[in-house]
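For reference, the structure is listed below as structure tokens.
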Amino acid sequence: MDLIFEKSRADRCGYQLPELDVPSRNPDDFIPADYLRRDAPDLPEISEIDAVRHFTSLSKRNFGVESGTYPLGSCTMKYNPKINEDVARIESFENLHPLQPEMTVQGALELMYIMELLLCEITGMDNVCLHPAAGAHGELLGLMLIKGWHNQKKDYERNTILVPDSAHGTNLASAAMLGYRVVEVKSNDRGLVDMNDFTEKANEHIAGFMLTNPNTLGMFEENIIQISEQTHRLGGLLYYDGANLNGIMGIVRPGDMGFDIVHLNLHKTFSTPHGSGGPGSGPIGVKANLAPYLPIPIIIKTDAGYSFDYDRPLSVGQIRSFYGNFSVIIKAYSYIISMGAKGLRSVCENAVLNANYLMNMLKKNFFVPYDRTCKHEFVISAIKQKMKGVSALDIAKRMLDFGLHPPTMYFPLIVKEAMMFEPTETESKENLDKLAEVMADINKEVCENPDIVRNAPHTTVVGRLDDVRAARFPKLRYLKDERILPV
Amino acid sequence: MFRFIPNTDDDKKKMLKAIGKSSIDELFFDIPEEIKTKSDMKIPGPLSEIDIKRHFHDLGNRNMIFRICFRGAGAYRRYIPSIVNHVISRSEFYTSYTPYQAEVSQGILQVIFEYQTMMCELTGMEVSNASLYDGATAGAEAVFMAVDLTGKNRVLLCRTLNPQTRSVIKTYSNFSTARNIRIEEIPYRNGRTDLDVLENKMNEEVACVLVQYPNFFGILEEVIEIEKIVHKHGSFLIVSADPISLGLLRSPGELGADIVIGEGQSLGTPLSFGGPYLGFITTKEKYVRRLPGRIVGETVDRDGNRGFILTLQAREQHIRRGNSASNICSNHQLNAVAATVYLTVMGKRGISEVAEQCLQKAHYAFEEILKVAGMKPGFSAPFFNEFVIKSDIDPDKINEFLLKNDILGGYDLSRDFTELDKHLLYCVTELNTRREIEMLTEALGALK
Amino acid sequence: MDVPKDRKYSSDHEWVKANGNNAYVGITDFAQSSLGDIVFVELPEPGKSYAAGNAIGTLESVKAVSDVFTPISGKVLDINKELLNDPGLINRLPYESWIVLVEIENPQDLNVLLSSRDYEQLLQKER
């Protein structure tokens, strides 16, 4: 399919502005000639219909949650309700300038204030900050709070952050960014934090322990109370990566497990759309003792109404412009009140039931390293298939031919040929049965006709792409005179 | 029954039977009883769509949308072509995940490739990433890039850089202890960076200088002069650019920038009370391996068909883990799609025309405002579409009066610059009509 | 691929081939195979000295980035610039594609390295 630049034709036009209604002067009356562009930027010239066709065709070459089953582990690809989209686009939200006088944005401030309370209730935390733009951003802020907390107590020897060896890469990247040494705690043969290894590695130098619960294997950390007590006894803080909240929501709250800081992914648990990679929103919740460190501004409620408070001497500062991903926050808020307390609990119960049901079916043909009740997600290994010469990647590509999106691949790193499935609660039983059937069929192909799997996908718009070439000879933009790639 | 959860009681029964459990509670036996939630969370709902819409309209009605807007200061009321919202509302785009499975994500991958190309064209640079959160965090990422690439740790920020960008850079730098960044600000004179002070502060330990173009006051910084000073000492020139202005102004790449960043909200994203917006970052090809975030590259499949794929991922958090250039994972992809659609339909002529209209209307408004008694120019340097007006009247009084006329007036600069008491920053875009400008000046004239 | 007998090995899968007072350093076939197709090589600056066990560069593949450690202490005398244009050389010819040439600071460093037979045994365990 052609690029938009290849469809561009001189003098075609896709827009119209009103005529200029003020006297027109020479631009160089206002701007020194040295700063005026000589040539217009080489952007497309295209009629509106061709633009619409272009993007429509492209959208058809893309697979979203509404295209089919999307069991990506740790991503919680649940249905994105349409009502959320509608309310986020209400004019009196969409066209609100962030620097308007506070008395003209009382609705927006109240919305965010209530959302903070809702998330406090769901997480069992005392204060919530809606600023972070994504989960990784929330993690970064969480670590800043940990650092701020220890620095304030002049506890400068705390240079280590513990993470389980099954941790998500952002945990390590965020900690490293703040200058922490990251120490990985081994998982035991049940896929949980090995308490002996934890005890050995936890000392007075730890600033904190970053955990997901359920963990990235979909297992609930049974020793969480002990982990919390030990971490706190050593003066460390406990951080909750909320990516997997869908596995416990309404059943147990991170705040009640002993966590000091929590980040949430509104684009996972709270149904806001992933947008092909964002925008998401990663609010964090804290226990009251950490509230003074939260970024500015804070929203406060007085008799006069809602307003922004910038007078926070212990605040870590500002981590983004303005106040949060407001339109994303609206969508999540809408979801929360769509479901209510019973609904959110039901979300979790069904997510967990669906995952266990699916795992039970896949067990027939695939090795399940931790074969016991999981929460909302689980990991299988394609190790048996690998021994027949077909890798997990091959299987994933073959799933595409059956109209399914593959699971999360090769993560967590502690499982070989890992495939992490998270069906979510919005997938029906028939879809789960169908998914299991497809996996069984592919396994049959591995035994009888492995090449069809190794060379998959066959029915997609392009076949398997050469990622080595893309990295060795990076071609990261279109250039007019380089249309043909050297082979 | 909940409308987003398909499982009926019958489904659940069958599924529980298949896995050998008698109740759903059994699935949570591994959670210690003492921490389990005992009662329902105190949350409203479940509400029907009807009640939800009512609730949000009630909240929305407590907001005021000004009919006429003359405020910018980092967030802009812009013309957004109708096509933009329709494209980003296509569920294949907005409900999909990051395109790790390239064969079924050619749609978004190609859009990102087109986006990267367009941002390079606008900024005059060689490579772009797929987006960052906003202009302020893009500033922080650019500073880290420069510090890592030069091995130096002094960072000079022009005070005319958006205050929020400066604030975010400072927060990020404070916490990135390994980099040991020392930030200093360069003051301004007549609304522009003081080149003498900049020259004096430069030395071989400076990793980068960040300048905004046009700057926070709307004024054209002397980037040509700044470039000479910065490169003389082997430092990086980072320019924070307004993308609409680049329809008219010479690109930062042409002026010698090493990294260009900025806020892309003006390209198809509505004001949205501050977020989500669009951070962009472009640079030279030789620095691509330190560019944070996602990047899409072109390649071929086995049959030689052109395709697109996320590439150079080894830089990213999910592979390098502790050693990545940045921790960024999700970005603001859909906002980048909006920008791509915007730049497609506006095209080379549209972006120039928008910029031209902003320039003309802003200068017209500037001259008309100055005709009002008591209004004086804040600075005398060339500007693009934002300008500073000072007077004897308290800015709150001015804006309260304008509010009664349904006008959102200029931004009170004393909020960020205590020395700029009674200085207001006005913004004029392609959406402001001559009649609106007249109403503004009439209202200003009516003030006592 | 057979493990060449004319050189020493580290437990990090680097090889060291002495050449008078200097030594060539590279990575083994096992290492290149684990990394996958190498797409980019980051080499140190000639003239800089490194202690044994320190990272002197990185090898980037599509799926991983790996540090290259120098098994011996010394000053980097030369780097294999061919690898900048064709990083895949390391995959195709791991034992011919040297990465750096190092001046041997302590001849004893070579003694603690593994012989080709010791390295073969190490590989058996890894498999």
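The values are calculated or read from the model by the stated rules, or taken from the named source; none is laboratory data. Because the structure is a prediction, the values reported are computed rather than measured. Every residue, glycine as well, gets a Cβ built from its backbone with ideal geometry; the counts of neighbours run over all protein chains shown. Heavy atoms of the whole protein, side chains included, go into the accessibility calculation; ligands, DNA and RNA do not. Shrake-Rupley method; radii C 1.70, N 1.55, O 1.52, S 1.80 Å.
Considering only C:76, C:108, C:50, the residue lying farthest towards the positive end of the dipole of the stretch C:8-116 is C:108, judged by Cα position with unit charges set on Cβ. The Cα center of the stretch B:42-70 and the Cα center of the stretch B:355-421 differ in position by 32 Å. Dipole of the protein assembly as shown computed with +1 at Lys/Arg Cβ and -1 at Asp/Glu Cβ about the Cα centre; of A:297, B:39, B:229, farthest Cα towards the positive end is B:39.
From the alpha carbon gyration tensor of the stretch A:247-369, can you work out the equivalent ellipsoid semi-axes (sqrt of 5 times each eigenvalue) and give them in Å, largest to smallest? Numbers along the way, then the final one.
Details: eigenvalues 239, 56, 49 Å².
Output for the stretch A:247-369: semi-axes of 35, 17, 16 Å.
Over all projection directions, the Cα-based convex hull of the stretch A:346-470 averages an area of 8.2 nm².
Set the Förster radius R0 to 56 Å, insert the Cβ-Cβ distance between residue B:42 and residue C:106 as r into 1/(1 + (r/R0)^6), and round the FRET efficiency to 0.05. Calculated transfer efficiency: 0.20. Using only the C-alpha atoms, the convex hull of the stretch B:19-105 corresponds to 324 Å³ per residue. Residue ranking by accessible heavy-atom surface, 1.4 Å probe, largest first, among B:17, A:60, B:170 comes out as B:17, A:60, B:170.
Would you mind putting A:464-477, B:117-130 in packing order, based on average other-beta-carbon counts within 10 Å, highest first? Intermediate results must be reported in sequence, preceding the final value.
Numbers: A:464-477: 21.1, B:117-130: 25.9.
Ranked from most to least packed, the peptides come out as B:117-130, A:464-477.
The residues of the stretch A:364-487 have, on average, 43 Å² of accessible surface per residue, using a 1.4 Å probe with all protein chains present. For the stretch A:83-338, a simple Cβ point-charge model (Lys and Arg +1, Asp and Glu -1, everything else neutral) yields a dipole of about 380 debye relative to the Cα centre. The ellipsoid equivalent to the alpha-carbon distribution of chain B has semi-axes of 42, 31, 23 angstrom, derived from the gyration tensor eigenvalues as √(5λ) and listed largest first.
Placing +1 on each Lys and Arg Cβ and -1 on each Asp and Glu Cβ, with no other charges, gives the stretch C:8-116 a dipole about its Cα centre of roughly 120 debye. What the Cβ-Cβ distance of residue C:42 and residue A:451 gives, at R0 = 51 Å and to the nearest 0.05, is a FRET efficiency of 0.85.
Counting pairwise Cα distances across the stretch B:189-303, what percent come out greater than 21 angstrom? Intermediate results must be reported in sequence, preceding the final value.
Numbers: 3056 of 6555 pairs.
I get 47 percent for the Cα pairs in the stretch B:189-303 exceeding 21 Å.
Shown for the stretch A:346-470: the carbon plus sulfur share of the solvent-accessible area, taken with all protein chains present and a 1.4 angstrom probe, equals 50%. Taking every residue in A:101-113 and counting other chain Cβ atoms within 10 Å of its Cβ, the average works out to 5. Dipole check for the protein assembly as shown: with +1 at the C-beta of Lys and Arg, -1 at the C-beta of Asp and Glu, and the Cα centre as origin, the magnitude is about 860 Debye.
Let's test the formula: R0 of 41 Å, r as the Cβ-Cβ distance of residue B:89 and residue A:13. What FRET efficiency results, to the nearest 0.05? Don't jump to the answer; show the numbers that get you there.
Values: r = 24 Å, r/R0 = 0.58.
Calculated transfer efficiency: 0.95.
For residue A:274, what accessible surface area do you get with a 1.4 Å probe? Give it in Å², rounded to 10. Counting only protein heavy atoms, residue A:274 exposes about 10 Å² to solvent.
Using the Cα coordinates of the protein assembly as shown, the gyration tensor eigenvalues translate into equivalent-ellipsoid semi-axes of 45, 36, 29 Å, sorted from longest to shortest.
Most simply put, the stretch A:83-338 has about 45% antiparallel DSSP beta bridges, counting only bridges with both residues inside it.
For the residues A:9, A:158, a 1.4 Å probe over the protein chains yields an accessible-area ranking, largest first, of A:9, A:158.
Helices that extend 24 Å or more along their long axis by alpha-carbon positions and average at least -0.5 on the Kyte-Doolittle scale are, among the DSSP H runs of chain A, A:106-123, A:135-152, A:326-362.
Counts of other chain beta carbons within 10 angstrom of each beta carbon in peptide A:24-32 average 5.
In the context of the full set of protein chains, chain B has a per residue accessible area of 32 Å² (1.4 Å probe).
What is the Cα radius of gyration of the stretch B:82-341 over 2.2 N^0.38 Å, N being its residue count?
Working: Rg = 18.2 Å, N = 260, 2.2 N^0.38 = 18.2 Å.
For the stretch B:82-341, the normalised Cα radius of gyration comes out at 1.00.
Averaged over all directions, how much area does the convex hull of the C-alpha atoms of the stretch B:137-192 cover when projected, in nm²?
Numbers: hull surface 14.7 nm².
Computing the convex hull of the Cα atoms and averaging its projections yields 3.7 nm².
Accessible area per residue was computed with a 1.4 Å probe on protein heavy atoms; residue B:208 scores about 0 Å².
Roughly how many percent of the accessible protein surface of the stretch B:82-341 is carbon and sulfur, given a 1.4 Å probe and a whole-percent answer? Each step should come with its number before you reach the end.
Working: 2600 of 6070 Å².
Within the stretch B:82-341, the accessible surface is 43 percent carbon and sulfur.
For the pair residue C:63 and residue A:39, label points projected 7 Å from Cα toward Cβ lie 4.4 nm apart. Surface calculation, 1.4 Å probe, protein heavy atoms: residue B:352 sits at approximately 30 Å² accessible. Only lysine pairs 8 or more places apart, or on different chains, with alpha-carbon atoms under 18 angstrom apart are counted in the stretch C:8-116, and they number 4. Mean projected area of the convex hull spanned by the Cα atoms of chain C, taken over all viewing directions: 7.0 nm². Counting Cβ atoms of other protein chains within 10 Å of each residue's Cβ and taking the mean over peptide C:36-46 gives 3.
Across the options B:244, B:292, B:268, the greatest Cα extent toward the positive end of the charge dipole of chain B (unit charges at beta carbon of Lys, Arg, Asp, Glu) belongs to B:292.
For the listed residue pairs A:153/B:201; A:363/A:416; B:14/B:53; A:268/A:342; A:147/B:152; A:397/B:17, the alpha carbons are over 27 angstrom apart in A:153/B:201; B:14/B:53; A:397/B:17. Using alpha carbon centroids, what distance separates the stretch B:255-311 and the stretch B:227-248, in Å? If we compute the Cα centre of each part, the gap is 18 Å. Computed log10 I(q)/I(0) for chain A at 0.05, 0.09, 0.14 Å⁻¹: -0.24, -0.75, -1.39, from the Debye equation with unit scatterers placed on every C-alpha and solvent omitted. Reducing the stretch B:175-204 and the stretch A:120-140 to their Cα centroids gives an inter-centroid distance of 34 Å. Summed over both chains, the area buried between A and B is near 17400 Å², taken from the accessible surface of protein heavy atoms with a 1.4 Å probe.
In vacuo Debye scattering of the stretch B:96-240, one point per C-alpha: log10 I(q)/I(0) at q = 0.10, 0.11, 0.13, 0.19 Å⁻¹? Values returned for q = 0.10, 0.11, 0.13, 0.19 Å⁻¹ are -0.39, -0.47, -0.63, -1.13.
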